[in-house]
Amino acid sequence: MVQLAKFRSIEFEWDEHNLGEIAGHGIGPDEAEQCFFNSHRVYRNKKKTGRRYKTFKLEGKSDPGRQLLLIFFVKEKTAVRSAAGPRALIRIITGWEI
């Protein structure tokens, strides 16, 4: 299980693919990102054949109060000992309102 709280810094990776995917479900990137910093729960997502990485489900609430379910993976983790602490690069795959 990924423990998002252990990261001092969380960054998000966006491109036309994942932006288009969440936009198709009526979600903007800012609203999706808010769910990671507001109250949320994270679960392990089911495995898909051929996928090289572990995916997770995040149930969270955006600042406007919408309950969202987001599927994501941690693309990169950096645990370099520094004042900034460990860093995570999150790639949201898809999401929808629940």
**Study point:** Filtered residue count, the range 53-66, keeping only those that are surrounded by 15 or more Cβ atoms within 10 Å (Cβ to Cβ), touching a helix residue (DSSP H, G or I) at 6+ places or on another chain (Cβ under 6 Å) and assigned to a loop (DSSP other than H, G, I, E, B)
**Key:** 1
Practice item. Can you work out which of the residues in the range 11-29 that are under 13 Å from residue 70 (Cβ atoms) and outside any loop (DSSP other than H, G, I, E, B) is farthest from the chain's Cα centre (by Cα)? Key: 21
Review point. Among the residues of the range 37-45, is there at least one that is in contact with a helix residue (DSSP H, G or I) (Cβ under 8 Å, 6 or more places away or on another chain), without any contact (Cβ under 8 Å) to a residue 40 or more places away in the chain, open to solvent by 40 Å² or more (accessible area, probe 1.4 Å) and assigned to a helix (DSSP H, G or I)?
Key: no
Review point. Just checking, how many residues over the range 16-32 are in contact with a strand residue (DSSP E or B) (Cβ under 6 Å, 6 or more places away or on another chain) and either free of Cβ contacts under 8 Å to residues at least 24 places away in the same chain or open to solvent by 70 Å² or more (accessible area, probe 1.4 Å) (or both)?
Key: 2
Point to revise | Sole exception among (1) part of a loop (DSSP other than H, G, I, E, B); (2) within 13 Å of residue 93 (Cβ to Cβ) for residue 50, by number | key: (2)
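The values are calculated or read from the model by the stated rules, or taken from the named source; none is laboratory data. Remember, predicted model here, so these are calculated numbers, not experimental data. With ideal geometry, Cβ positions are generated from the backbone for all residues, glycine too; neighbour counts draw on all protein chains shown. To get the accessible areas, we keep the full protein, side chains included, count just its heavy atoms, and leave off ligands, DNA and RNA. Shrake-Rupley method; radii C 1.70, N 1.55, O 1.52, S 1.80 Å.
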